[in-house]
Amino acid sequence: MAHYAVRESPPLRGEIPISTSKNAVLPIMCGALLTCEDVRIESPPDLTDVTTLCSLLEACGSRVKREKDALIITADALQNPQDEEDVRKMRASVLVLGPLLSRLGEARIPLPGGCAIGQRPIDQHLKGMSALGAKVTFDHGGVTLTGRLRGAVIYLDMPSVGATENLLMAATLAEGITRIENAAKEPEIVDLAAFLSSMGAKIAGAGTSTITIEGVHSLHGTSWMPIADRVEAGTMACACAITGGELLLRSARADHLRSLLFKLSEAGVHIKDTPGGLMIFGRAKQPFEIRTMVYPGFPTDLQAPMMAVACKTPGTSVFLETIFENRFMHAAELARLGAHIRVENRVAVVEGTPYLTGAPVRATDLRAGAALVIAGLCAEGETLVDDEGGHIDRGYCHIEQKLSAVGGDVRRIETVQ
Ligand code: UD1
């Protein structure tokens, strides 16, 4: 739990190493449950979500060994978690469902409650598992799935990232062929599919809206280096667009960030794709319009950081959030810094203002917290971001160190729990 003290900073200059992707690593860790052999994940990001999932995997009977730059997961005594609290801590825990069901023939998890950014139901996960032959029963706040899985055609009502990942994992060990239609196409799904293929799974079409999986009898161990975190890279690109300057985002991939890069260049920021990573030059000068969409549309996870950019960019920027129903909570906090933002349902209109002033603000969720930290870089005086909820540590590795190393005035203040 921490506060972040941020002061107005000079243009950021230098290099930021981008960590491996949280949203790729979490499903890959769950995918390790599909084999009883060792799975080695290289350079896992130092995030509390990763630590939380390690405890859950241990509760599922696997051994998790932490080496200096790797995680080794061995699920040779797989079981359903006995303590439901482990599952409830984090929404991504729902991703153990597919592996547990396909290996044990039974899986039980508590139903995830609502969360700050919206309801986030799991009906598509369950609908898909039931198409694969699982019997789904609800009791005492949880859901139990039982049955041996058989390949089937699954149509997702919306291209849910988590449902696509869960079903993809479950289908690798199902008997016969599964086709997931209207599947999500995010880079993290392509990475998960490549990881599963390296374990012996037979998957075609990941990254398109139809994924075909031919079930195999068993999977074997592997060693995997996950992709770089496009959301962390995007957030740092936004930090540069706020302060100006020149940043190299080491290992960031332009092909995973097209929608953001187009928007930043519309705003007057220059971008260069180099073999070492992405280079970002200069400050945003023109307003822009953002509509969050599934990949390859503009990612909802970068909506808050881009709103921080819009606050000081001259002109009127408009945001339409189509993925989550309650993802503008940062708008009220940014307004405390003097930003001019009007929110009406799923639309936010931001009138850029030349002056923001530091104030105490609160991180209401993960991406909102990061957006407040980077907004503080261009607010006069001190912005104190209260992250008692520990949101930022869930998804950003040492954000204060990475920003300070390129000239950002950001200090982390530990608070007693
Ligand atoms: C993942 C990402 C998260 C990102 C989100 C959208 C991880 C760990 N998290 O979350 O950072 O913001 O994708 O890009 O990778 N929905 C249903 N029923 C379902 C599943 C989803 O109605 O069964 C709805 C959700 O409520 C939401 C939308 O679909 O409105 C998108 O959710 P989904 O793509 O599943 O996101 P997550 O996998 O939870």
Regarding Asp49, is this residue away from the ligand (no atom under 16 Å from the Cβ), part of a helix (DSSP H, G or I) and open to solvent by less than 50 Å² (accessible area, probe 1.4 Å)?
-> no
So Asp69, is it farther than 22 Å from Gly221 by Cα, out of contact with any Lys or Arg (no Cβ under 7 Å at 6 or more places or on another chain) and not aromatic (Phe, Trp, Tyr) = no
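So that you can scan it fast, the table gives a plain yes or no per residue for (1) surrounded by 22 or more Cβ atoms within 10 Å (Cβ to Cβ); (2) among the aliphatic types (A, V, I, L, M):
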{"site": "Thr357", "(1), (2)": "no, no"}
{"site": "Thr364", "(1), (2)": "yes, no"}
{"site": "Gly369", "(1), (2)": "yes, no"}
{"site": "Ala375", "(1), (2)": "yes, yes"}
{"site": "Asp386", "(1), (2)": "no, no"}
{"site": "Ile392", "(1), (2)": "yes, yes"}
{"site": "His398", "(1), (2)": "no, no"}
{"site": "Ala405", "(1), (2)": "no, yes"}
{"site": "Ile413", "(1), (2)": "no, yes"}
For Pro121: the one exception among (1) touching a helix residue (DSSP H, G or I) at 6+ places or on another chain (Cβ under 7 Å); (2) outside any helix (DSSP H, G or I); (3) within 13 Å of the ligand (Cβ to nearest atom) | (1)
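Yes or no, residue by residue, for (1) under 22 Å from Glu106 (Cα atoms); (2) within 12 Å of the ligand (Cβ to nearest atom); (3) open to solvent by 20 Å² or more (accessible area, probe 1.4 Å):
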position: Arg150; (1), (2), (3): yes, no, yes
position: Asp157; (1), (2), (3): no, yes, yes
position: Ala163; (1), (2), (3): yes, yes, no
position: Asn166; (1), (2), (3): yes, yes, no
position: Ala174; (1), (2), (3): yes, no, no
position: Ile180; (1), (2), (3): yes, no, no
Note down all Cβ pairs under 9 Å where the first residue falls in region 324-350 and is without any contact (Cβ under 8 Å) to a residue 12 or more places away in the chain, the second is open to solvent by 70 Å² or more (accessible area, probe 1.4 Å), and they're at least six residues apart or on different chains.
-> Arg342/Glu351; Asn345/Glu325
Filter result (within 14 Å of Val94 (Cβ to Cβ), surrounded by fewer than 20 Cβ atoms within 10 Å (Cβ to Cβ) and of a type outside the set (Gly, Ala, Ser)) within region 128-142 = Val136
Going through region 1-46 in order, the residues found to be basic (Lys, Arg) and either within 13 Å of the ligand (Cβ to nearest atom) or open to solvent by less than 10 Å² (accessible area, probe 1.4 Å) (or both) are Lys22
Only residues that are of a type in the set (Ser, Thr, Tyr) and open to solvent by 30 Å² or more (accessible area, probe 1.4 Å): list them for region 205-231, please.
-> Thr208, Ser209, Thr210, Thr212, Ser218, Ser223
Any hit, region 312-323, residues being outside any strand (DSSP E or B), surrounded by fewer than 19 Cβ atoms within 10 Å (Cβ to Cβ), among the hydroxyl-bearing types (Ser, Thr, Tyr) and in contact with a strand residue (DSSP E or B) (Cβ under 6 Å, 6 or more places away or on another chain) = yes
With the first residue restricted to region 152-165 and required to be hydroxyl-bearing (Ser, Thr, Tyr), and the second required to be within 8 Å of the ligand (Cβ to nearest atom), Cβ contacts under 6 Å at 6 or more apart or on different chains are Ser160/Gln124; Thr164/Ala184
Subset of region 182-216 (residues that are away from the ligand (no atom under 14 Å from the Cβ), part of a loop (DSSP other than H, G, I, E, B) and either within 22 Å of Gly133 (Cα to Cα) or at pLDDT below 95 (or both)) = Ala201, Gly215, Val216
Tally of residues being assigned to a loop (DSSP other than H, G, I, E, B), within 10 Å of the ligand (Cβ to nearest atom) and buried (at least 18 other Cβ atoms within 10 Å of the Cβ) across region 275-306 = 3
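The values are calculated or read from the model by the stated rules, or taken from the named source; none is laboratory data. As the structure is a prediction and not an experimental result, all values here were calculated from the model. Cβ atoms come from the backbone with ideal geometry, glycine included; neighbour counts cover every protein chain shown. Just so you know, the surface numbers come from the protein's heavy atoms only, side chains and all, with ligands and any DNA or RNA stripped out. Shrake-Rupley method; radii C 1.70, N 1.55, O 1.52, S 1.80 Å.
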